[in-house]
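Here is the structure we will look at.
Computed from the coordinates by the stated procedures, all read-outs in this text should not be read as laboratory data. Small disclaimer: the values here were computed from a predicted structure and weren't measured. Reconstructed Cβ throughout: ideal geometry from the backbone, glycine too, with neighbour counts over all protein chains shown.
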């Protein structure tokens, strides 16, 4: 064979040998290896995780009934998210490089070089069917990778080292730091606060909290709900001791200044005991969870709502609306009844009156009642002499809210309120369904029911709509003011002319806009009914009066009195159903009227 040809074949053979060596040592083994270092690991099937750090106590967590619990070096609820995070990282752990068993054997010091003779951490993962033992060795020279070995699997691996931060270095990193079980619903709570014991229960029908002990009463649902939410966000600040022989009195835990017990149905779920503050930090308190020896510190602020007397947990709302209101009966200086016209509607009627009620005013009245706050819990055990002493034998006002009309249902009362005597800046009140006497602020009561109150009489609930017309139906507008009269004739859209004997300047487009503003007149507020003295409103013979005449002969007249609100709106009067009604003329139409439908003193 030619020497040159032999040389070529020698180079090819050497290259092939080098390729085979590299492929077998690096590519072939890696290609044939599983894509994960712990194949078939499914976190949801894992029942136990052991973390054995070098020269440190073993940390073990076991899953029981779907919850993770630490069993070594202490028994304590585990932080499930931390355990699951490590398992999730191990499931996805893939090799950047696989080192074959042959290469390990070739390196006499591989165990030491790779750190497997004294691993920094050993992880043991167990499921009902399988067990993995993972040795975490040395980091590679750059530090961003680590050597790993799975006991029972030939060879070793090089993998990314970022997941190592999920391995706990102490048991505290895997402890559950919650004060109560996350997401745990409770329908009963017992609060031991000093010498008092307060029991609270969630009413399944209304989902409102009630107090059971020391007396049956409505509880402050908003306070309790907020306190529970804040408790869910509270966490351990520092674990102090796990010693079962630690003196609880040293931490103010015997007796505890506050104990909270939570449960669902007949099952107890959580309990917390709260002690005193550390000497160097009054924002923290010592605490422990029932059933565990561990004493820890936690922020005092989330626990603050649970400190308080019995009355602090009582509902300060005089009433709560547990059903839609269909009837309102007020029996006081003025007796009247408001009824909803048909189920599911918002149309209201004033009993005994031809005109409808204003739905907005009715809703404002209901909201004002629901907003009444108890200023003082006056008497809890009430006797007949108490009713007389507080003016409740013959109350000055009685309000009944019903969910349906009496004819439809005899058991339809939502709440019945009796307002009695007057104290110092307060009015005494009781509910028909409770054996308590309360006090509400006199100002709040007077705003509703006094002679000048917003809802003191039925006519104040009248529908505020006064009249409506279509602009093309208007034939004439007559203005009286300052002893003069001006007639404006509506000739066509945006075209107006002066009537016989009238003088002045006519600007059709502006007059049209002003008359349009009057076409759907609605009172801002009713002020008086059947009044006889117009001067009370500032109405004099020289005051502005406007009459709108329609094609069908209908005439609508409004008399203007004194301006109010810095001249933005005004007092006014109309005749409705043969009665004189005083009202607040709305601001926007009034500005158009003042600008385009008046007679200046000079007559122009």
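Observations on the structure shown:
- Between residue 55 and residue 335, the simple spin-label model (points 7 angstrom out along Cα→Cβ) gives 9.3 nm.
- Relative contact order (percent, whole number), the range 246-300, Cα cutoff 8 Å, 6+ residue spacing: 26
- Gain in span if fully extended, residue 109 to residue 233, counting 0.36 nm per residue against the direct Cα distance: 39.5 nm
- Each semi-axis of the equivalent ellipsoid for the chain is √(5λ) with λ an eigenvalue of the Cα gyration tensor; in descending order they amount to 82, 42, 20 Å.
- Percent RCO, i.e. relative contact order, over the chain, from Cα pairs under 8 Å lying at least 6 residues apart: 7
- When you work out D = kT/(6 pi eta Rh) for the range 165-206 at 37 °C and 0.692 mPa s, using the Kirkwood radius from C-alpha pairs as Rh and the Stokes-Einstein form, the result is 234 µm²/s.
- The residue 485 and residue 531 beta-carbon pair, evaluated with R₀ = 22 Å, returns a calculated FRET efficiency of approximately 0.30.
- Net length gained if the chain between residue 524 and residue 346 were fully extended (0.36 nm per residue, minus Cα distance): 62.1 nm
- Three principal axis extents of the range 547-604 based on alpha-carbon atoms, in descending order, are 33, 27, 19 Å.
- Above 22 Å, the calculated P(r) of the range 188-313 contains 36 percent of its Cα-Cα pairs.
- Separation in nanometres of the label points that stand 7 Å from Cα toward Cβ, at residue 422 and residue 84: 6.2
- Across every pair of non-identical alpha carbons in the range 74-174, the mean reciprocal distance, once inverted, gives a Kirkwood radius of 14.7 Å.
- Summed over all non-identical Cα pairs, the Kirkwood treatment of the range 293-439 gives a radius of 17.7 Å.
- Length released on extending from residue 247 to residue 96, taking residue separation times 0.36 nm less the Cα-Cα span: 49.1 nm
- Global form of the range 459-516, assessed from the alpha-carbon gyration tensor, a/c cut-off 1.5: oblate
- Shape category assigned to the range 38-121 from the gyration tensor of Cα positions, a/c cut at 1.5: oblate
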